[in-house]
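This report concerns only the one structure given below.
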Amino acid sequence: MIRNLRSMLLMAAAMPLLAGCAMGPTRDDPFEPFNRAMYAVHEPIDTHVVRPFIDAYAKYTPAPLRIAISNFFNNIDDLFSAINDGLQGKRDKFGNDMGRVTINSGLGLGGLIDIASQIGVERGNEDFGQTFGVWGLDQGPYLFIPLFGPTTVRDGSGWIVRLYLGPAGYIPDVPTRNVIYGIGAIDARYQAQDAVSFVDEAALDRYAFIRRAYLQRRLYQVYDGNVPPQKKEDE
Amino acid sequence: MSNTQRLSQAVLLAAAFFATAALAQETPDALVKRVSQDVLETARSDPKVQAGDQARIHDVVEAKLAPHFDFSHMTALAMGRNWRAATPEQQQQLTTEFKALLVRTYSGALSRYRDEKIEYKPFTASPSATDVTVKTLVVKSGGGAPVPIDYSLEKTAAGWKAYDIIVGGVSLVTNYRDEFNAQVKSGGVDGLIKTLKAKNG
């Protein structure tokens, strides 16, 4: 099993190198042929399995429950946003995000109600990938991971740090932990539903459209909305 | 030509003149506000739009929104340096097809619109500016993340015209650049026109 896994990883690592010779990869996406293969795996599963499931989730769960679930996971994200505000030295945002977590965890019943947004404290939306960016790390190669979606070496590393830190990982009961991960994944995909529909309507080549949108979005986030003009030209 | 006819012509001309003058004076942020309120008001009140009638939604977008966009400018930006390689005829075709795609895409987004509210950020450009960004924030009622939507507008002889929409930092025009470039590389400008036509089908 372990040996199988290792050879699979080796293959996965070698494939982009081999395939890279066949097609002209771009600077942002040196592993494009490999990523496209991964996207080809992802797309039918997402369209025929994940999307009907998410549609059913939207249809059959009452809106207040869905909102409470989103709020619960957003509250955890806000805590990590605060940590990243700290790592980036953004004091005001740190205060905002910590304030949000405190208010929503207490008055908001453990994060189920987003009282902070109702009183106008905006979410910081920082994460480890952005922190690495602020520290001066480039995105590195773009990656498309089936079921997970678009990312890059830098942002993916951020995700690994995030998953390692938890907090779901600290739940000792494995089934409970898996249910939490599962609901979190459903919620994340549910929140992305409109964007996915938009890509279907807008894109000539969904893979390329998603890639450019992802990279634009992340650049914007790293600069908190004020991307220097020469960086924009770079793209 | 009778005097009455002449008079009515003069009145028409004057009316047209004042309408244009008013249009030219409208600030870009006021324009964005007026047009988006108008479109959303229709989306909220029109029973056919509410029922998800795609043809009707399409008509609303075409009539109320499209006149305020400079589609040829948008197409040129999305094409990048390939724009100059295209003949005037090809440019015309590209603009027609790209416009159709954008109108349809926007119609799709509008049909998913429920009861989001739009906040208009303070507008800071100087009165003499000819290229401005109007910032808005779309706040969803259902607890979803608010989405910043910025409009890039340029002053033209026919008033302010939008040439890009930036949603959460994603420029629509920039987003098409890779795709257009790849299509032109593999199939030439005509290949891109063909792909756009097929998509609009």
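Give the dimensionless ratio obtained when the Cα radius of gyration of the protein assembly as shown is divided by 2.2 N^0.38 Å.
1.10
How high is the relative contact order of chain B? Use alpha-carbon pairs under 8 Å, at least six apart in sequence, and give a whole percent.
21
Pull up the DSSP beta bridges for the range B:122-201 and report the antiparallel fraction as a percent, rounded to 5.
100
Long-range amide H contacts for B:Phe69: which residues qualify at under 5 Å (H placed 1.01 Å from N, peptide plane, sequence gap of 5 or more or a different chain)?
B:Ala162
What number, in percent, do you get for the relative contact order of the range B:146-201 if the mean sequence gap of Cα pairs under 8 Å and at least 6 apart is divided by its residue count?
RCO, the range B:146-201: 21 percent.
How much of A:Phe53 can a 1.4 Å solvent probe reach, expressed as accessible area in Å² and rounded to 10?
120
Mind jotting down the distance between the C-alpha centroids of the range A:95-121 and the range B:69-113, whole Å?
Here the answer is 43 Å between Cα centres.
Debye sum, Cα scatterers, the range A:110-175, no solvent: what log₁₀ I/I(0) at q = 0.12, 0.13, 0.15, 0.16 1/Å?
Debye intensities relative to I(0), on a log10 scale: -0.48, -0.56, -0.71, -0.78.
Using the Cα centre of the protein assembly as shown as the reference point, and only Cβ charges (+1 on K/R, -1 on D/E), how large is the resulting charge dipole? Debye, rounded to the nearest 20.
Magnitude of the dipole: close to 340 debye.
Exactly which chymotrypsin sites (Phe, Trp or Tyr not before Pro) in the range A:88-169 are in a DSSP loop and have at most 14 other Cβ atoms within 10 Å?
Passing sites in the range A:88-169 are A:Trp135, A:Phe148.
Ratio of the range A:68-171's C-alpha Rg to 2.2 N^0.38 Å, to two decimals?
1.13
Give, rounded to the nearest 20 debye, the magnitude of the charge dipole that the range A:175-217 has about its Cα centre when Lys and Arg contribute +1 at Cβ and Asp and Glu contribute -1 at Cβ.
Magnitude of the dipole: close to 240 debye.
Where a ≥ b ≥ c are the square roots of the eigenvalues of the C-alpha gyration tensor, would you call the range B:92-201 rounded, which needs a/c under 1.5, or, failing that, prolate if a/b is larger than b/c, or oblate?
oblate
To the nearest 20 Debye, how big is the dipole of chain A about its Cα centre, given +1 on the beta carbon of each Lys and Arg and -1 on that of each Asp and Glu?
That gives a dipole near 460 debye.
Quantify how much of the Cα-Cα distance distribution of chain B extends past 32 Å, in percent.
27
Between A:Ile67, A:Ile83, A:Tyr223, whose Cα lies farthest towards the positive end of the dipole of chain A when Lys and Arg beta carbons carry +1 and Asp and Glu beta carbons carry -1, centred on the Cα centre?
A:Ile83
If contacts are Cα pairs under 8 angstrom and at least 6 residues apart, what is the relative contact order of chain A in percent?
Relative contact order here is 18 percent.
Report D for chain A in µm² per second (integer): Stokes-Einstein, Kirkwood Rh on Cα pairs, 10 °C, 1.306 mPa s.
81
Taking the alpha-carbon distance from B:Lys48 and a cut-off under 26 Å, which lysines remain once sequence neighbours fewer than 8 residues away in the same chain are dropped?
Cross-link targets: A:Lys59, B:Lys33, B:Lys64, B:Lys99, B:Lys117, B:Lys140, B:Lys199.
Within the range B:74-126, report the trypsin sites (Lys or Arg not before Pro) that DSSP leaves as loop and that have at most 13 other Cβ atoms within 10 Å.
Those that pass, being in a loop and sparsely packed, are B:Arg81, B:Arg112, B:Arg114.
Is the range A:183-223 best put as rounded, prolate or oblate by its Cα gyration tensor, with a ≥ b ≥ c the root eigenvalues, rounded for a/c under 1.5, and otherwise prolate when a/b is larger than b/c, oblate when not?
Verdict is oblate for the range A:183-223.
Roughly to the nearest percent, how much of the accessible area of the range A:32-115 is carbon and sulfur, given a 1.4 Å probe?
72
Roughly how crowded by other chains is peptide B:177-188, in terms of the mean Cβ count from those chains within 10 Å of each of its Cβ atoms?
Other-chain Cβ atoms within 10 Å of each residue's Cβ, averaged: 3.
How would you classify the range A:150-230 from its alpha-carbon gyration tensor, with a ≥ b ≥ c the square roots of the eigenvalues: rounded for a/c under 1.5, else prolate if a/b is greater than b/c, otherwise oblate?
Here the range A:150-230 falls in the oblate category.
The values are calculated or read from the model by the stated rules, or taken from the named source; none is laboratory data. Computed from a prediction, not measured in an experiment: that's the story for all the values here. Quick reminder, even Gly has a Cβ in these numbers, built from the backbone with ideal geometry, and neighbours come from all protein chains shown. What goes into the accessible areas is simple: the full protein's heavy atoms, side chains included, and nothing from ligands, DNA or RNA. Shrake-Rupley method; radii C 1.70, N 1.55, O 1.52, S 1.80 Å.
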